[in-house]
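Here's the structure, in structure tokens; my notes come after.
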Amino acid sequence: MRIGSGGSGRSVRLGALAGLGIGFVLASSARGQATEQQSLTPATGTLYQEFGSSVATSGDVMVVGAPFDSTKAFQAGTAFILRRSAVTGLWAQEKQLFASDFEYDARFGTAVAADGDKVVVTAKAKDTAKGVDAGQVYVYRYDAVTKLWNEEQKLVPSGGKAGDGFGFSVAISGDSLVVGANNVDFGGLVDAGAAYVFRWQDPTVKWIEEGQLLDSNAWHGDQAGRSVGIDGSTAVVASTLADTGGWLDAGAVSVFTRTGSTWSQTADLTIANNYTFNDFGTAVAISGDRIVATAQGESYGTSIGSVGYCYIFERSGGTWGQTARIANPNLAPFSFFGKSVAIRGDLVVVGHQDNDTSGAVDSGAAWLFRWGKKTGWVADGQLVASDRAAGDRFGTSVAVSDDTIVCGAPKNDTASGSDWGVAYAYAAAELTLTLAPSHPAPDQAIDGKVFRGAAGGLVFLAVEEISGSPVFVPLLQTVFAADNTFTFSDSAPNPALGFHVGVRAYKIAPTGKLVASELAYVDL
């Protein structure tokens, strides 16, 4: 048997498997953005609704905001809940949400969050009893018996007032959620900003306000709460426009920790490269003992303005310290890397809505960075939309769960209209091997795809299981193509041999960790 890998790889003869008749050959096919699993856009809505302005995902649930939708009233807003099918693996709309008290220009869908059976949607410009544009947050919970999403509670802060913008940002973790209100005044400080924590009590009491998070270093115009994050008993609140170290709008990030039901500020994070208009804290997220914060206005030295950077902070012994500074992979001036950010364990996703991809101005992109045991944080690929066009602003919002990355492109003009918006789902796995179909008929084509790897990086395939028995038989070593994929195909044997074969892919690099995919199975 001979396995060929096209012109870029190495052909080998594997006598041990000759009886199986397996022969994978590199297919000649159009190179697409193979990491993209699905593009999602609603069938209903209005022009300029900007679906994808906010995104969140948890397990098999996704929520996407369209705050400029005018279905109920001009820019009243809407949000969509999608669920992934356990059978097909595809996402489909399950529920469209409108505020039960929808209102002109309320911007329902400004920010969204999801955790298990809970979805949170904010309306930062909602008029409430607290005043005009005070803002309101809506919590929905899924009933597994009725299979319905029900509005559980509307949240407003106890000390809210007109113009606070309560709901500018939101994050949820288990029974706690944090809401940013960037225009809050307190202690005589105008637009200093704040965040509020709410905690679930029980089905009767539901959510109660547990605390107001105020930066001890607050000043006029800091606008704390433009971005927030929470994980367990730790909350992160960014003061994006704080004048730090004497630099205008340099930015700062505050960390708060809960003891019992009391929240206290335990850290004030800044960066050594303070400078005017850095906007440190443009986006923040937290996962365990890691905080990620972007500074989309930070320049590359004095030569390239506003390229943007991403910072990693880690907690050790109760103390937070900066452990990494990730540069914009595309050092284009005024490209503002870091509009959005998400983190899950060893994976960081950074939105780059102003990236010019393939010459398409502001089409947008998102970048993946992973923790490598030998090399620290390393770039693991760029995500772009398969239908990218100028002005789409892909990467305005990003989210990540255990196995899914979601990126919003709210300015995407679809067949339904201008700025209709699209959200894109990607596999979060560092390396994935797919074989399809898994039960081929004799002589039927079997297509395989390995992604995601660095262009030119080595990829290795091996058979590691045959009908339940472990083996290790090398199949092929080749390299990833320019689109970060390796594709191959062959015909199933005729007659069928009756073997259930498990194949695994490996990503090999001189530095960093060896990465293996899950086994992919095919009947031969």
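In the chain, if the dipole is taken from +1 on Lys/Arg beta carbons and -1 on Asp/Glu beta carbons about the Cα centre, which of SER54, GLY180, GLY395 is farthest to the positive end?
After comparing all options, I get GLY395.
Report the local net charge at SER173: Lys and Arg +1, Asp and Glu -1, summed over other residues whose C-beta lies under 9 Å from its C-beta.
Charge balance near SER173 sits at -3.
So for region 42-147, averaging the separation of alpha carbon pairs under 8 Å that are six or more residues apart and normalising by length, what relative contact order in percent results?
Normalised by residue count, the contact order of region 42-147 is 21 percent.
Step through the residues of region 189-199 one at a time and calculate ³J(HN,Hα) from phi using the Karplus curve (6.51 cos²θ - 1.76 cosθ + 1.60, θ = phi - 60°), rounding each to whole Hz and writing x for Gly and Pro.
Here the 3J(HN,Hα) series is 9, 7, 6, 5, x, 7, 9, 10, 10, 10, 9 Hz.
Pairs of alpha-carbon atoms within less than 8 angstrom and 6+ residues apart define the contacts here; what relative contact order does region 136-267 have, in percent?
Value for region 136-267: 17 percent.
Which pairs break 22 Å Cα to Cα here: LYS95/LYS147; LYS147/LYS206; LYS95/LYS161; LYS126/LYS154?
Long pairs (Cα-Cα over 22 Å): LYS95/LYS161.
Could you grab the relative contact order for the chain? Cα pairs under 8 Å, six or more apart, rounded to a whole percent.
About 12 percent, as a whole number.
Would you please give the FRET efficiency between GLN201 and GLU464, computed as 1/(1 + (r/R0)^6) with r the Cβ-Cβ distance and R0 = 51 Å, to the nearest 0.05?
Once rounded, the FRET efficiency stands at 0.55.
Give or take rounding to whole Å, what are the principal axis extents of the alpha carbon atoms in the chain, in descending order?
For the chain, the Cα extents along the three principal axes come out at 80, 55, 46 Å.
Just to be sure I understand: if I project the alpha-carbon convex hull of region 74-135 onto a plane and average over all orientations, what area do I get in nm²?
4.8 nm²
Along region 339-345, what does the Karplus equation 6.51 cos²θ - 1.76 cosθ + 1.60 (θ = phi - 60°) give for ³J(HN,Hα), rounded to whole Hz, x for Gly and Pro?
These are the phi-based 3J(HN,Hα) values: 4, 9, 7, 8, 9, 9, x Hz.
What percentage of all Cα-Cα pairs in region 42-147 are separated by more than 24 Å?
Value for region 42-147: 21 percent of Cα pairs lie more than 24 Å apart.
Distance in nm between label sites at PHE102 and SER303, each 7 Å beyond Cα in the beta-carbon direction?
Output for this residue pair reads 5.3 nm.
Sum up the charges of everything whose Cβ sits under 10 Å from the Cβ of THR404, counting Lys and Arg as +1 and Asp and Glu as -1, but leave THR404 out.
-1
Which of the lysines could a cross-linker span from LYS449 if the Cα-Cα distance has to be under 17 Å and same-chain partners fewer than 8 positions apart are dropped?
LYS507
In whole angstrom, note down how far apart the Cα centers of region 221-235 and region 81-148 are.
20 Å
So, counting K/R as plus one and D/E as minus one, what does the shell of residues with Cβ under 12 Å around ASN217 add up to?
Taking every Cβ under 12 Å from that of ASN217, the sum is -4.
What value does region 105-181 have for Rg/Rh, both radii from Cα atoms and Rh as Kirkwood defines it?
Over the Cα atoms of region 105-181, Rg/Rh equals 1.00.
Just so you know, all these numbers are worked out from the coordinates, no wet-lab data involved. Note that the structure is a prediction, hence the values are computed from the model and not measured. Using ideal geometry, Cβ is built from the backbone for each residue, glycine included, and neighbour counts are taken over all protein chains shown.
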